[in-house]
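K.L.:
There's a structure below that I have some questions on.
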Amino acid sequence: MLAVDIGGTKTVAARVTGEGEVVSRRREPTATGGPASVIDQLTRMLRDLMDDAAHQAIVAIGIGIPAVLEHGSDRVIWGPNLPGFQDVRLREPLEAMLQLPVFIEYDGHTAVLGEWWRGAGRGFQNVVFVIIGTGIGGGMILDGRLYRGVSRLAGAAGWFTLSTESDPGGPARQYGHWEALAAGPGIVRRAVNALQSGRPSILPSQELTTEQVFDAARIGDPLACAIVAETAHIIGIGVANIVSLVNPDLVILGGGIGKQADLLLEPVRQVVRDQAQPISGRAVRIEVSQLGEDAGLLGAAYAAWRGCWSSRGSLCKF
């Protein structure tokens, strides 16, 4: 299979075996000239991979994209991080130029499919993948099936509304989206606000990054430790809400913030045990992604295999 993971800043295309091995890949900055330029880029990258495959047969292409997709047609209704991607036909021109069936999924869904197929989610029937980076997204496998939702956006947990006050009865209680509080920009914003209030720290006040916050916490900087502890609590509250609602076997944490497992994983687990529905909170496992950035790529390959199987009525061979 050929697989593509389109992102707002980079696009990765690869040839993937039936065992989930990436045998060749191409990686480029995502074209910014609008849909036509992205289609040209994908066509060129995929043709290159097809040439590289030589005599080995390729039967389909799977694509993960950060966009709202129409049921049935895969028309891109809106891709907020892709310039000009509004009411765009992506599948049809690619199929016409490459002469292969193309299957497209929301990128949060390809990511959870990848982890379920060849990552931390193998062997589980109810899996939630929470991807925390510059935003928060993800996807869900429920009862062994990808759950898309009515608008193919299930898993967009970054829109959870959470209180920013520890005292729920406080008159100044404020609310914000989980993404705004726990993702990278929110972590930096909270750290900068603390620095501007005069709290001592080794952290720079200008051009601060989330990596610097976590690195400073690892060497005991008090302000950084406090920010990381607060971040773990906020992530834990969001995960606890998911666990209480869905009652999954497994929650996987991924993305740039999910990589900071040495500082975050156990505190998040503790918050879930304390705050989630008690039986669900004790039953769930919380782990980190095994596939990292390849989750979406492998999930796109799996989506192509699944789509090919369902449309042809027989198992497609990679």
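The values are calculated or read from the model by the stated rules, or taken from the named source; none is laboratory data. Bear in mind the structure is a predicted one, so any value in this text is a computation, not a measurement. Reconstructed Cβ throughout: ideal geometry from the backbone, glycine too, with neighbour counts over all protein chains shown.
K.L.:
Could you list, in sequence order, all residues of segment 135-149 that are buried (at least 17 other Cβ atoms within 10 Å of the Cβ) and not charged (D, E, K, R)?
P.N.:
Once the filter is applied, which keeps residues that are buried (at least 17 other Cβ atoms within 10 Å of the Cβ) and not charged (D, E, K, R), segment 135-149 yields G135, I136, G137, G138, G139, M140, I141, L146.
K.L.:
Restricting the search to segment 1-19, which residues are in contact with a Lys or Arg (Cβ under 9 Å, 6 or more places away or on another chain) and surrounded by fewer than 18 Cβ atoms within 10 Å (Cβ to Cβ)?
P.N.:
Answer for segment 1-19, where residues must be in contact with a Lys or Arg (Cβ under 9 Å, 6 or more places away or on another chain) and surrounded by fewer than 18 Cβ atoms within 10 Å (Cβ to Cβ): K10, G18, E19.
K.L.:
Tell me, which strands (runs of 3 or more DSSP E) wholly within segment 87-142 include 2 or more residues that are of a type in the set (V, I, T) and over 25 Å from A261 (Cα atoms)? Spell out the reasoning first.
P.N.:
Working: elements: 102-106, 127-132, 136-142.
It comes to 102-106.
K.L.:
Restricting segment 285-318 to residues that are more than 14 Å from G258 (Cβ to Cβ) and touching a strand residue (DSSP E or B) at 6+ places or on another chain (Cβ under 6 Å), which is modelled with the lowest pLDDT?
P.N.:
G307
K.L.:
Further question on the same structure: Just one of (1) modelled with pLDDT under 95; (2) assigned to a helix (DSSP H, G or I); (3) not polar (S, T, N, Q) trips up H55, so point out which.
P.N.:
(2)
K.L.:
Can you tell which of I61, I77 is modelled with pLDDT of 95 or more, over 18 Å from A300 (Cα atoms) and touching a Leu at 6+ places or on another chain (Cβ under 7 Å)?
P.N.:
Result of the check over I61, I77: I77.
K.L.:
Only residues that are surrounded by 15 or more Cβ atoms within 10 Å (Cβ to Cβ) and either hydrophobic (A, V, I, L, M, F, W, C) or at pLDDT below 95 (or both): list them for segment 271-280, please.
P.N.:
V271, V272, A276
Residue-wise test of (1) surrounded by fewer than 17 Cβ atoms within 10 Å (Cβ to Cβ); (2) within 18 Å of the chain's Cα centre (by Cα); (3) assigned to a helix (DSSP H, G or I).
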site	(1), (2), (3)
E230	no, no, yes
I252	no, yes, no
L265	no, yes, yes
R269	no, no, yes
R282	yes, no, yes
I286	no, yes, no
